[in-house]
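A short write-up of the structure that comes next.
The values are calculated or read from the model by the stated rules, or taken from the named source; none is laboratory data. Just so it is clear, the structure is predicted and the values come from calculations on it, not from any experiment. Here the Cβ positions follow ideal geometry from the backbone for every residue, glycine too, while neighbour counts run over all protein chains shown. Please note that ligands, DNA and RNA were not included when accessible areas were found on the heavy atoms of the full protein model with its side chains. Shrake-Rupley method; radii C 1.70, N 1.55, O 1.52, S 1.80 Å.
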Amino acid sequence: MTPFGARLAGTVARLGPLCAGIDPHPGLLASWGLTDDADGLARFADACVAAFAGNVAVVKPQSAFFERHGSRGVAVLEELLSAFAGTATLTILDVKRGDIGSTMDGYADAYLGVGAPLGADAVTLSPYLGFGSLSSALDTAADAGRGAFVLARTSNPEGAEVQLAEFGGRGTAQAMVDGAAARNAGLAPLGDVGVVVGATREHGLDLSTLNGPVLAPGLGAQGAAPADLAAIFAGLQGLVLPAASRSVLAAGPTVAALRAAAESLRDELAAVV
């Protein structure tokens, strides 16, 4: 399979940089007139596939909102990922997994291996047991043509006490960026390991050697505007995927309105990113 970084670069070139979040939280289901159960979840998922597939480069389902419905919710998530798999739109499953040894291997089998039951094009990973703890997951992803986005400098204020801590004269968040850059070195047109950096504040990171994608949550409802992104991510060697969820999903429940909201934001971003 073509490596994830190459597939992502090609898809963004065709469809623009927007990453549309798929976050079926209870309030959103209610606003769409859907029941807060697996049946409502399935109807929500079907609408997102119909609206986004082939129209935006990337979607990002939030696993927690499917898991909260138990096995039936996870089954809906499997079906959602499968539905996008045959389209031009790539999937980043937001699971933020991170562990060591055989447990990390288990997560890799679930999400990243060839034939993984919850296989997406990429997943989010938490590196705060050390970047090296992710090695088996990153190796598994590369073997299957998948990618990963490693948490670096997130937008929540609580993250600062960990992400801005220093060890050996280097900030922890910068160490995560540097770890991703080392994995991406020499790959063209883009490496397979991205980082998560919030778009709502100045991040203070050196992204000049990343050679990979930045997943940038915070667009829209969290306060970041398309016009802010060029300055926030100046100097990036790679590409930025601005992620928006609530500001797009609020346009539902009709597929036409949802698609129109995504396409409008996609085109706005393409003009400035």
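What's the Cα-based Rg to Rh of segment 137-215, Rh via Kirkwood?
Computed over Cα atoms, the ratio is 0.98.
Quick one: of the DSSP bridges fully inside segment 118-273, what percent are antiparallel, nearest 5?
Restricted to segment 118-273, the bridges split so that about 10 percent are antiparallel.
R0 = 30 Å: FRET efficiency of residue 129 with residue 270, Cβ-based, nearest 0.05?
So the FRET efficiency works out to roughly 0.20.
Give me the percent of the accessible area of the chain that comes from carbon and sulfur atoms, probe 1.4 Å, all protein chains in place. Numbers along the way, then the final one.
Values: 5730 of 10770 Å².
Heavy-atom surface of the chain belonging to carbon and sulfur, 1.4 Å probe: 53 percent.
Plugging the Kirkwood radius over Cα pairs into Stokes-Einstein for segment 61-215, at a temperature of 25 °C and a viscosity of 0.890 mPa s, what D comes out in µm²/s?
Diffusion coefficient, whole number: 153 µm²/s.
When only Cα pairs under 8 Å and 6 or more residues apart are kept, what is the percent relative contact order across segment 138-255?
Relative CO of segment 138-255 lands at 22 percent.
What relative contact order, as a whole-number percentage, does the chain give when Cα pairs under 8 Å and 6 or more residues apart are counted?
The value is 21 percent.
Run through the DSSP bridge list for the chain and note the antiparallel percent, rounded to the nearest 5.
Bridges in the chain that DSSP calls antiparallel: roughly 5 percent.
Can you show me the helix-derived [θ] at 222 nm for the chain, built from DSSP H runs with n ≥ 4 at -39,500 (n - 2.57) apiece and divided by the number of residues, rounded to the nearest 500.
Taken over the chain, the calculation gives -12000 deg cm²/dmol.
In a Debye calculation with equal point scatterers on the alpha-carbon sites of segment 57-100 and no solvent, what is log10 I(q)/I(0) at q = 0.24 Å⁻¹?
Values returned for q = 0.24 Å⁻¹ are -0.85.
At 7 Å along the Cα-to-beta-carbon direction for both residue 67 and residue 256, put a label point, then send me their distance in nm to one decimal.
About 3.8 nm separates the two model spin labels.
Can you pull the Rg over Rh of segment 67-152, Cα-only, Kirkwood?
0.96
Would you mind getting the accessible area per residue of segment 107-165, heavy atoms of the protein chains only, 1.4 Å probe, in Å²?
37 Å²
Work through the residues other than residue 112 whose Cβ is under 13 Å from its Cβ and net out their charges, Lys, Arg +1 and Asp, Glu -1.
Counting the neighbours of residue 112, the net charge comes to -4.
What FRET efficiency would be calculated for the residue pair residue 50, residue 105, taking the C-beta separation as r and a Förster radius of 35 Å, to the nearest 0.05?
The calculated FRET efficiency here is 0.45.
Plugging the Kirkwood radius over Cα pairs into Stokes-Einstein for segment 127-273, at a temperature of 37 °C and a viscosity of 0.692 mPa s, what D comes out in µm²/s? It would help to have the intermediate numbers written out before the result.
Values: Rh = 16.2 Å.
Taking Rh from Cα pairs, D becomes 203 µm²/s.
Just want the answer: with Cβ charges of +1 for Lys and Arg and -1 for Asp and Glu, which residue in 113, 154, 208 is farthest toward the dipole's positive end in the chain?
The one lying farthest along the dipole's positive direction is 208.
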